[in-house]
Amino acid sequence: MKPRDGASIKAVFNDKYDYEISLTLMDGDLHHENVRPLSTAKGFVAIEMPDNVVEASESISIFMEKEEDKVQINIR
């Protein structure tokens, strides 16, 4: 994971393959935003994956880290 201001996000497919966030030029992309703790921000972060990964049945998890805080969200 590549931290930005100490924060990082990645997706992991089948506990083996990492996918980093992608920069877009669309309104609402939070890629370059610094969201303060306990604040609210509306937007998105894009993670590109090949079609065969998206259509597969193996697990996909999102990992978010900032300093000592870690969150894992299981997509499937």
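Values for this structure:
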quantity: Residues being closer than 25 Å to Ile60 by Cα and not in a strand (DSSP E or B) - total across the range 26-43; calculated: 10
quantity: The range 53-76: number of residues that are part of a helix (DSSP H, G or I) and in contact (Cβ under 8 Å) with a residue 12 or more places away in the chain; calculated: 1
quantity: Leading residue by the ranking (surrounded by the fewest Cβ atoms within 10 Å (Cβ to Cβ)) among those in the range 53-70 that are of a type outside the set (Asp, Glu) and farther than 16 Å from Tyr19 by Cα; calculated: Ser57
quantity: Members of the range 1-21 that are part of a strand (DSSP E or B), more than 20 Å from Pro50 (Cβ to Cβ) and modelled with pLDDT of 55 or more; calculated: Ala7, Ser8
quantity: Pair list, Cβ under 8 Å, 6 or more apart: the range 33-52 residue more than 25 Å from Asp18 (Cα to Cα), other residue hydrophobic (A, V, I, L, M, F, W, C); calculated: Ala41/Leu30; Ala41/Val35
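The values are calculated or read from the model by the stated rules, or taken from the named source; none is laboratory data. Quantities reported herein were computed from a predicted structural model and do not represent experimental measurements. Backbone-built Cβ (ideal geometry, glycine too); neighbour counts: all protein chains shown.
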